[in-house]
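J.: I'd like to ask some things about the structure below.
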Amino acid sequence: MSSTDIQVNGGGHDHILRPRPRKPQHSQVTELVREHSGFSTNGHIETPDETASGMTSGRSTPVSENAPASTKALSSVRKQVRAEQRRRMFPTIEYASRVSHFDPQSDYRDFHGFFNLFWIGLAIMGITTMLRNYKDTGYPLRVQIWTLFTVKLWHLAVADFLMVATTAVSVLLHKISRNSRGALTWKKGGMAIQSIYQVVWLAFWIAVPFLLNWTWTSQVFLILHTMVLLMKMHSYAFYNGHLSETEKRLRALDEPHSASKAPAYVYPSVENPMGELAHEEIEVDSNNEYEGLTQLREDLAFELTSPIGNVTYPRNLSWSNYFDYLLCPTLCYELEYPRNKSINWTSLIAKVVATFGCIFLLTIISEEFILPVLQESTVRLDNTSSVSETLLILSETISWLLFPFMLTFLLVFLVIFEYVLGAFAEITRFGDRHFYSDWWNSTDWMEFSREWNVPVYSFLRRHVYATSKPSIGRNMATLITFLISAVGHEIVMACITKKLRGYGFICQMLQLPIVMMQRTRWVRSHKTANNVLFWCSMIMGLSLICSLYVLV
């Protein structure tokens, strides 16, 4: 008898030679075999009269007729579930009304894999470029830009240290203004002194690279750091100046008869971006003098206290607080910032490595794909006098620079807003890491200006737009804000290229009429087309401005 034969004793006792255990089959396949062979799923022969009731509590254990109703219900449900599983030989596929991941109506937002693919593509570009250079010259890298990094490096280090140190004059000026009771108070002369010092400071440090004849790489670093420190210094001086006047008003209310009872001014903040007068509807008069004075004192005290509640002006006027503010990745001064509990050293090291990786890739792109094109176009323009030929050379140059400048733009965005600011956020345990929003989905230039550079946008909204709007109105405040931004961009381009042409200023100011057109009902409804136009104008604009500044 083989191990698979089964003999049934006529006396009702089964003698079964069971096979060795094997991997269980799919339940649906097992059921199909059982139906064709007459065997149960556990190896028993099924007979019509195996159970009188036809119900089982398991695979072979019968359920008696007098079993409780709960046991019968459980057994019935188990049989229904097993029958549902045995309905088809192959598992069914569940179909539903769903959209694809790239569909505009999809809620799926995790495309981190494409971010990794972007870096893999850049790595491939860098490797193939170095292999081609090694084949052509015997060296993996060109040295035109790399050598510029070491020219007068000590000059740059000393100048940058002195530039940072001289911003501390604002702290001394503020302390003098706060302690003054005469012409040097913030409202009378302190604001003017701080403004004059900031203008002189900016002019001096813009002139330093020209006087020392620095390379454009050193000028890029110094001018960008200069603009950052200027905004930091302005925010520190003007916000603390406001707090000094608020403190004097609160102290003056100790003798309320001669003190001003005007509502307290709440300085612009994240929760209150435009600034406002606190409890403006309450007028302090003889009828409600006690309640009105109490509310006014409370409003002034709230203004002098940080939102978190741990720091109150003037306890923030210390050198350690100012140095910490200089390191924090923000351009708007506050009495206190949200902080993480500890430094994530793994994240910090990764961001530092990524910063140098981006600089390495930016240098390769400039060496291989931007600088040769500009040099060749310069030679061709010097040898032609025809207007049509000049326009053709400019058009070719712009087209050749489109893709390199698109990569440069993306890498500059990453190195500044993701890695450099992220590294300083880790060093200072700065809690708010919202340095940008999804600007890549922008449909107009106003939206891009809000989401591409959140620190600068917050500074302009707080210290330019919000402070000027009550005096000159919304439209003029918007114009002034764009004007200051355009002047800042033109200063940066003039320092880098050592040419004052105004191309950046004109392109920046042209955004205002373009935004007005984009805000019309017909244009605004076509979001996909607007986003495509945004990207095309962004890529084209970068290549166009660079070509004009360098070649014209």
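J.: Rg to Rh ratio, the chain, alpha-carbon atoms and Kirkwood radius?
T.: 1.20
J.: By how many nm would the segment from residue 109 to residue 348 lengthen if fully extended, with 0.36 nm per residue of separation less the alpha-carbon distance?
T.: Extending this stretch completely gives an extra 83.5 nm.
J.: For 421, 411, give the ranking by accessible area with the largest first, probe 1.4 Å.
T.: Greatest to least solvent exposure: 421, 411.
J.: Same structure, new question: Work out, step by step, the length gained on full extension between residue 514 and residue 487: first 0.36 nm times the residue separation, then minus their alpha carbon distance; give nm to one decimal.
T.: 7.8 nm is the gain from fully extending residue 514 to residue 487.
J.: What residues have an amide H closer than 5 Å to that of residue 276, excluding those fewer than 5 places away on the same chain, when H is modeled at 1.01 Å from N in the peptide plane?
T.: When sequence neighbours closer than 5 places are left aside, the close amide H contacts are 266.
J.: Taking amide hydrogens as modeled 1.01 Å from N in the peptide plane, which residues meet the under 5 Å criterion relative to residue 339, leaving out close sequence neighbours?
T.: Those qualifying (amide H under 5 Å, at least 5 residues apart or on another chain) are 431.
J.: For labels at residue 521 and residue 375 in the simple 7 Å Cα→Cβ model, what's the distance in nm?
T.: 5.7 nm
J.: For the stretch 303-339 and the stretch 384-399, compute the distance between their C-alpha centroids and round to whole Å.
T.: Here the answer is 54 Å between Cα centres.
J.: Over the chain, what is the relative contact order in whole percent, taking alpha-carbon pairs under 8 Å and six or more residues apart?
T.: 11 percent
J.: Rolling a 1.4 angstrom probe over the protein chains, ignoring ligands and nucleic acids, what is the accessible area of residue 78 in square angstrom, nearest 10?
T.: 90 Å²
J.: Sort 137-149, 498-510 for me by packing, meaning the mean count of neighbouring Cβ atoms within 10 Å per residue, highest on top.
T.: Listed from highest to lowest mean packing, they are 498-510, 137-149.
J.: Whenever you get a sec, line up 514, 127, 364 from highest to lowest accessible area (probe 1.4 Å, protein heavy atoms).
T.: The ranking, largest first, comes out as 127, 514, 364.
J.: Find the relative contact order for the stretch 440-535 and round it to a whole percent, using C-alpha pairs within less than 8 Å whose residues are 6+ positions apart.
T.: Normalised by residue count, the contact order of the stretch 440-535 is 37 percent.
J.: Go through 351/498; 232/499; 232/469; 187/261; 469/498; 152/351 and tell me which ones have a Cα-Cα distance over 25 Å in this structure.
T.: 351/498; 232/499; 469/498; 152/351
J.: Over the stretch 479-552, calculate the relative contact order: mean separation of alpha carbon pairs under 8 Å at least 6 apart, over the residue count, as a percent.
T.: 31 percent
J.: Further question: Run the 1.4 Å probe and let me know the accessible area of residue 305, rounded to the nearest 10 Å².
T.: Answer for residue 305: close to 50 Å² accessible.
J.: Quick query: amide H of residue 311 versus all other amide H atoms, modeled in the peptide plane; which residues come in under 5 Å with a sequence gap of 5 or more or a different chain?
T.: When sequence neighbours closer than 5 places are left aside, the close amide H contacts are 306.
J.: How much solvent-accessible surface does residue 79 expose, in Å² to the nearest 10, with a 1.4 Å probe and all protein chains in place?
T.: That residue has around 80 Å² of solvent-accessible surface.
J.: Of 187, 248, 341, which has the most accessible area and how do the rest follow, probe 1.4 Å?
T.: Putting 187, 248, 341 in descending order of accessible area: 341, 187, 248.
J.: Same structure, new question: 222 nm [θ] for the chain, helices only, -39500 (n - 2.57) per DSSP H run of 4+, per residue, to 500?
T.: -19000 deg cm²/dmol
J.: Next question. Could you give the alpha-carbon Rg of the stretch 476-533 over 2.2 N^0.38 Å, rounded to two decimals?
T.: It is 1.40.
J.: Per residue of the stretch 318-335, in order, report the coupling 6.51 cos²θ - 1.76 cosθ + 1.60 (Karplus, θ = phi - 60°) as ³J(HN,Hα) in whole Hz, putting x for Gly and Pro.
T.: Rounded to whole hertz, the list is 9, 5, 5, 5, 5, 5, 5, 5, 4, 7, 5, x, 8, 10, 10, 6, 9, 5.
J.: Which order do the peptides 394-402, 178-186 come out in when sorted by mean C-beta neighbours inside 10 angstrom, highest first?
T.: The packing order, highest mean first, is 394-402, 178-186.
The values are calculated or read from the model by the stated rules, or taken from the named source; none is laboratory data. Here the structure is a predicted model, which is why all the values come from computation and not from measurement. Cβ sites come from the backbone with ideal geometry, for glycine too, and all protein chains shown count toward neighbours. Protein only, heavy atoms only, side chains kept; ligands, DNA and RNA dropped before computing areas. Shrake-Rupley method; radii C 1.70, N 1.55, O 1.52, S 1.80 Å.
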